[in-house]
Amino acid sequence: MSIIDDYKNSSDDRKAELLNEIEFEDIPEKWNLLRAVIADPNEYDLARMQALKILEIANVPPEDLPSFCGLLVSIIKTDKDEDVKNYGVIASKNFVNDSDELKQLIIKTVLDAKEDIDIRHNAYSAVLSMWDLPGRKVVLEKLSADPAMGRFAVRDLASFESQS
């Protein structure tokens with residue numbers, strides 16, 4: 001039986017456990033399963049969040065990067081479940097350097113004072129992962145006057161300046 005069939009035949013609680021079990025396994029179907037679970041808004045939310053947790057640290061094959069970047073953009077822009085959206089933002093830290101669209105969305109998210117503060121903090125972590133140092137500096141400078149995020153940006157700008 002394939003991992004996808006095993007997943008489909010599992011209870012909701014077992015689905016999250018199964019995803020946890022395959023996190024570090026080299027199973028060819030793993031990436032297709034994760035993509036399908038994350039993309040399905042009707043899927044068990046804890047399974048979707050577990051799949052996104054895997055993406056946060058996964059060494060995704062290069063050929064799968066574009067599809068996961070696109071999926072994260074979609075989740076962050078459109079998902080109705082705030083927890084799933086938040087895990088999508090968390091996972092974006094691992095992909096922010098692989099997609100300009102995702103990077104721009106993360107920047108927009110962290111700068112949006114109306115966005116949920118937890119989501120903004122996780123977007124901030126993704127910004128700190130950006131390899132584009134001049135771009136990162138611009139975001140930190142914009143955030144430095146933000147009432148909720150400013151103190152972090154000022155601290156990280158000072159650290160950034162001392163490294164230059």
Do we find that P28 is within 25 Å of V96 (Cβ to Cβ), free of Cβ contacts under 8 Å to residues at least 24 places away in the same chain and either among the β-branched types (V, I, T) or surrounded by fewer than 12 Cβ atoms within 10 Å (Cβ to Cβ) (or both) in this structure?
no
Taking segment 111-133 as the search range and keeping residues that are surrounded by fewer than 19 Cβ atoms within 10 Å (Cβ to Cβ) and of a type in the set (G, A, S), which one is nearest to A153 (Cα to Cα)?
S125
Pairing a residue in segment 31-45 that is in contact (Cβ under 8 Å) with a residue 12 or more places away in the chain and acidic (D, E) with any residue that is part of a loop (DSSP other than H, G, I, E, B) and surrounded by fewer than 15 Cβ atoms within 10 Å (Cβ to Cβ), where Cβ atoms lie under 6 Å and the two sit 6 or more apart in sequence or on different chains, gives D45/D81
A123 - would you say it is more than 20 Å from P41 (Cα to Cα), within 12 Å of the chain's Cα centre (by Cα) and assigned to a helix (DSSP H, G or I)?
yes
Can you pull out every residue in segment 134-153 that is over 15 Å from L111 (Cβ atoms) and crowded, with 16+ Cβ neighbours inside 10 Å?
none
Starting from segment 112-123, keep only residues that are of a type in the set (V, I, T), then list their pairs with residues that are crowded, with 16+ Cβ neighbours inside 10 Å and modelled with pLDDT of 95 or more whose Cβ atoms are within a distance under 9 Å, requiring at least 6 positions of separation or different chains.
I117/M149; I119/I76; I119/K85; I119/N86; I119/V89; I119/T109; I119/V110
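The values are calculated or read from the model by the stated rules, or taken from the named source; none is laboratory data. Note that this is a predicted model, so its numbers are computed, not measured. Cβ sites come from the backbone with ideal geometry, for glycine too, and all protein chains shown count toward neighbours.
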